[in-house]
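Colleague: One structure coming up, written as structure tokens, with questions to follow.
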Ligand SMILES: O=C(O)CCC(=O)C(=O)O
């Protein structure tokens, strides 16, 4: 349960650093499930993994029950409900592996009507020069959000050797130094990046979408389905985001069933 102060911080800065949400035993289980997901993903890749900058995979199948279940965990889902209402929709629990030393500055969406929250759970202690998530507080709101597109940036993901512009670590930003067990909740529109990560940086992410309430939000949601379809193709996923097992809702959870119905209605399941 968030305090009123945390809700105000979320609204103002666009993120919350929630420390020690998951305990050491849970982190051990997460690490074991993460390894399973990573190994399976590497095995399924068509081309050699080499030192691919990033690998992503869904954690919503029967092999990763704890990570799949986090979507319905009241410590996480309850926060999303507090921020976006009881009708918020749990959409994804993913694994992410980073092998590069940077993630360039970017927001996850530009659209002010596509609202939602991502919870990032990094599995190693991370500092400012070792890959901790950096955020620009308040950049989920316009005009700052839009103005940031005009700032020349170097240190791109593709390692082009741009000579001008601000490097990732030169942007005025907040560094979320984190420990395993922490969750960093951020608005999809918030500008974020990381710098100095190793070739084996591990993160799990859990995402919730706002249930659209206006025509603009409905349009944004429809566009998001198309984006998700393209992203999944680009990431070369070999299995759907939502596994048949998850969609069969074996525990007959009412909440999950509402999400499944919503995901089918908006054609996210089709886009898998
Ligand atoms: O940790 C990172 O390098 C970036 C994470 C990120 O961009 C994301 O989860 O959207």
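Colleague: Considering 103, 109, 164, which residue is part of a loop (DSSP other than H, G, I, E, B) and either under 25 Å from residue 235 (Cα atoms) or within 13 Å of the ligand (Cβ to nearest atom) (or both)?
Modeller: 109
Colleague: Look at the range 213-247 and say how many of its residues are in contact with a helix residue (DSSP H, G or I) (Cβ under 6 Å, 6 or more places away or on another chain), outside any helix (DSSP H, G or I) and either within 15 Å of the ligand (Cβ to nearest atom) or under 20 Å from residue 186 (Cβ atoms) (or both).
Modeller: Final tally of qualifying residues: 0.
Colleague: Identify the single condition in (1) crowded, with 21+ Cβ neighbours inside 10 Å; (2) away from the ligand (no atom under 16 Å from the Cβ) that residue 44 does not satisfy, given that it satisfies every other one.
Modeller: Result: residue 44 passes all but (1).
Colleague: Taking the range 167-197 on its own, how many of its residues are away from the ligand (no atom under 11 Å from the Cβ) and either touching a strand residue (DSSP E or B) at 6+ places or on another chain (Cβ under 6 Å) or in a loop (DSSP other than H, G, I, E, B) (or both)?
Modeller: Residues flagged as away from the ligand (no atom under 11 Å from the Cβ) and either touching a strand residue (DSSP E or B) at 6+ places or on another chain (Cβ under 6 Å) or in a loop (DSSP other than H, G, I, E, B) (or both) within the range 167-197 amount to 15.
Colleague: Also, quick follow-up: Of (1) modelled with pLDDT under 95; (2) loosely packed, with under 15 Cβ neighbours inside 10 Å; (3) away from the ligand (no atom under 15 Å from the Cβ), residue 157 satisfies all except one. Which?
Modeller: (3)
Colleague: Look at residue 95 and say whether it is within 20 Å of the chain's Cα centre (by Cα), assigned to a loop (DSSP other than H, G, I, E, B), within 13 Å of the ligand (Cβ to nearest atom) and surrounded by 19 or more Cβ atoms within 10 Å (Cβ to Cβ).
Modeller: No.
Colleague: If you don't mind, there's one more thing I want to ask. Tally time: how many residues in the range 142-154 are modelled with pLDDT under 95 and loosely packed, with under 15 Cβ neighbours inside 10 Å?
Modeller: Final tally of qualifying residues: 1.
Colleague: Is it true that some residue in the range 257-272 is over 19 Å from residue 211 (Cβ atoms), in contact (Cβ under 8 Å) with a residue 24 or more places away in the chain and surrounded by 15 or more Cβ atoms within 10 Å (Cβ to Cβ)?
Modeller: So far as the range 257-272 goes, yes, one or more of its residues are over 19 Å from residue 211 (Cβ atoms), in contact (Cβ under 8 Å) with a residue 24 or more places away in the chain and surrounded by 15 or more Cβ atoms within 10 Å (Cβ to Cβ).
Rundown of residues vs (1) in a helix (DSSP H, G or I); (2) touching a helix residue (DSSP H, G or I) at 6+ places or on another chain (Cβ under 9 Å), yes/no style:
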| residue | (1), (2) |
| --- | --- |
| 1 | no, yes |
| 7 | yes, yes |
| 12 | yes, no |
| 22 | no, yes |
| 28 | yes, no |
| 32 | yes, yes |
| 40 | yes, no |
| 57 | no, yes |
| 68 | yes, yes |
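Colleague: A further question follows. Condition first: surrounded by 13 or more Cβ atoms within 10 Å (Cβ to Cβ) and free of Cβ contacts under 8 Å to residues at least 60 places away in the same chain. Now tell me which residues in the range 236-256 satisfy that.
Modeller: Within the range 236-256, 247, 249 qualify.
Colleague: Determine whether residue 169 is more than 15 Å from residue 134 (Cα to Cα) and at pLDDT 90 or above.
Modeller: no
Colleague: So which of 86, 63 ends up being at pLDDT below 95, farther than 17 Å from residue 187 by Cβ and more than 16 Å from the ligand (Cβ to nearest atom)?
Modeller: Step by step, each of 86, 63 is checked, and only 63 is at pLDDT below 95, farther than 17 Å from residue 187 by Cβ and more than 16 Å from the ligand (Cβ to nearest atom).
Colleague: In addition: Spot the failing condition for residue 180; the list is (1) crowded, with 19+ Cβ neighbours inside 10 Å; (2) under 23 Å from residue 109 (Cβ atoms); (3) under 18 Å from the mean Cα position of the chain (by Cα), and only one is missed.
Modeller: Against the list (1) crowded, with 19+ Cβ neighbours inside 10 Å; (2) under 23 Å from residue 109 (Cβ atoms); (3) under 18 Å from the mean Cα position of the chain (by Cα), residue 180 comes up short only on (2).
The values are calculated or read from the model by the stated rules, or taken from the named source; none is laboratory data. As the structure is a computational prediction, the values presented were derived from the model and not from experiment. Here the Cβ is made from the backbone with ideal geometry for all residues, glycine too, and neighbour counts use every protein chain on show.
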